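Each remark here refers to the structure printed beneath this line.
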Amino acid sequence: MKNKSIIAMTLAAAAAGMISSSAFAADGVINFTGEIKNATCEVGTGGTQAINVPAIAKDNLSGSGSTGPSYGFNIELSGADCTGTNVQLSFEQDPNTIDPDGTLVNTDPTTGASVTLELLDSFADPINLADATYKTRAVPITNNTAKIPLRARYKAKTDTVVAGPVIASVGVLVETN
């Protein structure tokens, strides 16, 4: 009796496999090609760029959501493999560096709860860094270099801003085409 049950289960499994494989017969094939390259364009020097945002008086941030003046800077890209027509950046989605409100996390223990940094595009429109689909505007690559213009400003998270250092960082992903 045991043998009949085992045989029946084996036949049922085989039949299920036959039905399963015929139910998923391919109607075509999609082939993928790609390439692994050296880093395309290097950010700053050695993959890091420091941006110093000028200090402002805490009284310039009058309440939660208020912002200070914006400061323009360029993300400098270069390198032998910085080739193609255009380059643009997206931002690494890391909750340790990007606040859910789309600003940069201020990691300083003194000021972190009261103020953050907000990035803006070259037209001074705020960038929602929490938007995983966001990319900077493409800029041309010339002689293996490019500069992506951005702006930064302080943004109050509370009604009372604490004086002290502001420390933030964000990973960037470089895309050339």
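Just so it is clear, none of the values below were taken in a lab; they were calculated from the coordinates. All of these numbers come straight from a predicted model, not from anything done at the bench. Here the Cβ positions follow ideal geometry from the backbone for every residue, glycine too, while neighbour counts run over all protein chains shown.
Find the relative contact order for the range 40-177 and round it to a whole percent, using C-alpha pairs within less than 8 Å whose residues are 6+ positions apart. Intermediate values should be presented prior to the final figure.
Values: 317 pairs, mean separation 53.8, N = 138.
The normalised contact order for the range 40-177 reaches 39 percent.
With the cut-off at 1.5 for a/c, could you classify the range 26-92 from its C-alpha gyration tensor as rounded, prolate or oblate?
Working: a/c = 4.44, a/b = 2.00, b/c = 2.21.
Oblate shape, in that a/c is at least 1.5 and b/c is the bigger or equal ratio.
Using a Förster distance of 41 angstrom, determine the FRET efficiency expected from the C-beta separation of V172 and V29, and round it to 0.05. Present the calculation step by step, with values, prior to reporting the outcome.
Values: r = 36 Å, r/R0 = 0.88.
Taking R0 as 41 Å, the efficiency between V172 and V29 is 0.70.
Extension gain A80-A163, at 0.36 nm per residue separation less the Cα-Cα distance, in nm?
Numbers: separation 83, 0.36 × 83 = 29.88 nm, distance 4.27 nm.
Net length gain for the segment: 25.6 nm.
Need the list of aspartates and glutamates near K135 for cross-linking: C-alpha distance under 20 angstrom, and skip anything on the same chain fewer than eight residues off.
K135 reaches E42, E76, E92, D94, D99, D101, E118, D121, D125, E175.
With each label point set 7 Å from Cα along the Cα-Cβ vector, what nm distance links D125 and N144?
3.4 nm
Over the Cα atoms, compute the radius of gyration (one decimal) and Dmax (the largest Cα-Cα distance, rounded to a whole number) for the range 40-177, in Å.
15.5, 48
Using 0.36 nm per residue, how much length does the chain from R137 to S62 gain when fully extended, once their Cα-Cα distance is taken away? Can you show the working numbers first?
Details: separation 75, 0.36 × 75 = 27.00 nm, distance 3.17 nm.
Stretched out fully, the R137 to S62 stretch lengthens by 23.8 nm.
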